[in-house]
Amino acid sequence: MCGIIGYTGQMDALKVLLNGLEQLEYRGYDSAGIALLSSSSDRLLVKKAGPVATLKETCQTLDVESHCGIGHTRWATHGGVNDVNAHPHVAGKVTLIHNGIIENYHNLIERFGFQDSLVSETDTEVAAKLFDYYYHGDPVEAIRKTIRELTGAYAFCILFEDIPDQIFCVRNVSPMVAAHIDGSSFVASDVTAIIPYTNRYFVIPEYQIVTLRQDGISVEDLEGNPREPEMLEVSWNVEAAKKNGFPHYMLKEIHEQPEALRNTILPRLRDGLPDFEEDGIPDDLFRNCDKVAIVACGTAMYAGMVGKALMEPLLKIPVSVNIASEYRYESPLIDEHTLVIVISQSGETIDTLAALRLSRKYGAKVLSIVNVKGSTIARESDYVFYTHAGPEIAVASTKAYMVQLASLYLIGCRMAMVRGNFDREEASQFISRLSASVPAVEKVLAKKDKIKTAASLLAKAQDAFFVGRGLDYAFSLEGSLKLKEISYIHAEAYAAGELKHGTIALIEEHTPVIAVATQDHIYGKTLSNVREVRARGAFVILITKCGAEVPEDVCDLHFSVPVTYDQFTVFPVAVILQLLAYYTSDMKGLNVDKPRNLAKSVTVE
Ligand code: M6R
């Protein structure tokens, strides 16, 4: 969480920082701040609780000429949301911004006697104090000594008052990238803040010290040896990260799903069959495993639930889905015969990363499904299956979920071929059905009005329930997460048969129940559960396959998806559930793209 940016060069630093913070705001929006240095005047520090817009407004009156500075947008961990706890933090000659958590900060306060001089409640200020404590004119030495004392995750950008044109950076776990072009050097939490200037960048290696100067960037390890970082290129441009006429990023990203699906599926098809040669993923990976463990958080984990419901009956081996934040502290029953599939849009989620590292320690092979190229999870995995959704800016994940699903379907199909569960014809039929999901998604996008009507009813609700069985239950979990995270309506998903074991007590007159019933073999069973809640006054929105027989008295609103085969209904169903959440949030006048208390990239535990 938290977005950080640093700039030194010929341009107006204030402008670069404020523009960068706007791009990074999805990482946290509790407060924002900047610090500017120049050789002719004192350090200038502005920090404000609230979004970047508040900081921008405050900065309008500034009359400053600076070409070097740092900026931060915060997702609060230690200390409340106020001006004082906002970054940058200052200690003596040091001014810094931080993304991460210093776990031993209490201990450091005591050991170094910082108690009486701290002004904020943050762990970051303690780090600033320590850098200053060790700073006697040699920044690199101060950084080396300080990080030896720190436990936790961090990405720091540090200014030293007596070196007004340079920025020093170091990181452990928390992401940070850097780039240089024509007299300008940039550092940021991710490339979105840098792509207006260049699409070539590098990921700052952990525990290496990076110095940004106007004329270039140098990297050295902790022993002082110069290092040459690996340069990467982003394939999307600044336009891809804009709203393109949509009122919100979320709506734009929902509409980008057909293209994202095509970009993820088509390059992996050879003669109508999945082929991962270009991804460098060998068939032996699939042949030599006796179980699959999927690990992820949030939406990515719910994509994994769909993956399990698809893969287990297909491959006839155990497939588990694991919440990364739990898994990382367990002793998972995995070994060198386990294929661990890690799913992450950002590739930076700290719990998922820790779960990946644990899996590798146990000898398992890790295949990650990741959207952000060059991210930490991608770099640390044995194999990477990149999704091609392009940048996802809205906090609520939509297109990333869609392509995670498509990836799991492709992987499931290839595994089934390699392991003899599918012959070529069956695999080819499976892929044709997967490809047909793309027009099905497009058809749902073309008919949004009815979804708006449903949303206007949901917007008045306090609670909502999503029910389904089998695959439909897996889709419902994601539907309920989408609704609660952006509309603040309490929403829960239940396996439809489980309702009468307690939850049905919550159903009252007009309680919305969104029932997903797209699986033929359990259709009648789900409808019976729907009748049970309807009999108790629930307002039922039913989603079925087209052509399903829907008795008149079973629901209040009915949506059907243009898909014939049960295994593939998730793609259009997901769009209905996403739009339902989107319009509900919008009708309630909420901040759709940046819901309260959340951040896009969860890089703290
Ligand atoms: O970047 P990741 O896919 O690892 O993120 C995992 C979750 O934090 C993420 O999916 C989250 O649940 C979304 N905001 C939900 O819309």
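The values are calculated or read from the model by the stated rules, or taken from the named source; none is laboratory data. Worth saying up front: this structure is predicted, and the values here are computed from it rather than measured. Don't worry about glycine lacking a Cβ; one is built from the backbone with ideal geometry, like all the others, and counts go over all protein chains shown. Ligands, DNA and RNA are excluded from the accessible area calculation, which covers all protein heavy atoms including side chains. Shrake-Rupley method; radii C 1.70, N 1.55, O 1.52, S 1.80 Å.
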Residue match in segment 560-567 (condition: in contact with an Asp or Glu (Cβ under 7 Å, 6 or more places away or on another chain) and more than 16 Å from the ligand (Cβ to nearest atom)): yes
When residues of segment 336-370 are limited to those that are within 19 Å of A303 (Cβ to Cβ) and of a type in the set (D, E, K, R), the one surrounded by the most Cβ atoms within 10 Å (Cβ to Cβ): E348
Every residue from segment 395-415 that is within 13 Å of the ligand (Cβ to nearest atom) and surrounded by fewer than 24 Cβ atoms within 10 Å (Cβ to Cβ): V395
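Out of G298, G307, which single residue is open to solvent by less than 20 Å² (accessible area, probe 1.4 Å), at pLDDT 95 or above, more than 16 Å from S435 (Cα to Cα) and not β-branched (V, I, T)?
Details: G298 fails: open to solvent by less than 20 Å² (accessible area, probe 1.4 Å).
That would be G307, the only listed residue that is open to solvent by less than 20 Å² (accessible area, probe 1.4 Å), at pLDDT 95 or above, more than 16 Å from S435 (Cα to Cα) and not β-branched (V, I, T).
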Evaluation of T526 against (1) open to solvent by 30 Å² or more (accessible area, probe 1.4 Å); (2) part of a helix (DSSP H, G or I); (3) closer than 23 Å to P551 by Cα (one fails), failing number: (1)
Number of the exception - F466 against (1) in contact with a Gly (Cβ under 8 Å, 6 or more places away or on another chain); (2) part of a helix (DSSP H, G or I): (2)
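A quick yes/no check of all residues on (1) touching a Cys at 6+ places or on another chain (Cβ under 8 Å); (2) over 24 Å from S41 (Cβ atoms); (3) in contact (Cβ under 8 Å) with a residue 12 or more places away in the chain:
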{"position": "V119", "(1), (2), (3)": "no, no, yes"}
{"position": "G137", "(1), (2), (3)": "no, no, yes"}
{"position": "I143", "(1), (2), (3)": "no, yes, yes"}
{"position": "I147", "(1), (2), (3)": "no, yes, yes"}
{"position": "I209", "(1), (2), (3)": "yes, yes, yes"}
Close pairs from segment 365-379: first closer than 17 Å to D190 by Cβ, partner among the acidic types (D, E) and open to solvent by 10 Å² or more (accessible area, probe 1.4 Å), Cβ under 6 Å, at least 6 apart: S375/E348; T376/E348
Residues being touching a strand residue (DSSP E or B) at 6+ places or on another chain (Cβ under 8 Å) and either without any contact (Cβ under 8 Å) to a residue 40 or more places away in the chain or assigned to a loop (DSSP other than H, G, I, E, B) (or both) - total across segment 37-81: 19
Every residue from segment 264-320 that is among the acidic types (D, E), in contact (Cβ under 8 Å) with a residue 24 or more places away in the chain and assigned to a helix (DSSP H, G or I): D283
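Rundown of residues vs (1) open to solvent by 10 Å² or more (accessible area, probe 1.4 Å); (2) more than 16 Å from the ligand (Cβ to nearest atom); (3) touching a residue at least 60 places away in the same chain (Cβ under 8 Å), yes/no style:
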| residue | (1), (2), (3) |
| --- | --- |
| H558 | yes, yes, no |
| V575 | no, no, yes |
| K588 | yes, yes, yes |
| D593 | yes, no, yes |
| N597 | yes, no, no |
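Residue-wise test of (1) away from the ligand (no atom under 16 Å from the Cβ); (2) touching a Leu at 6+ places or on another chain (Cβ under 9 Å).
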site	(1), (2)
F246	yes, no
N263	yes, no
G272	yes, no
L285	yes, yes
C289	yes, yes
G304	no, yes
L314	yes, no
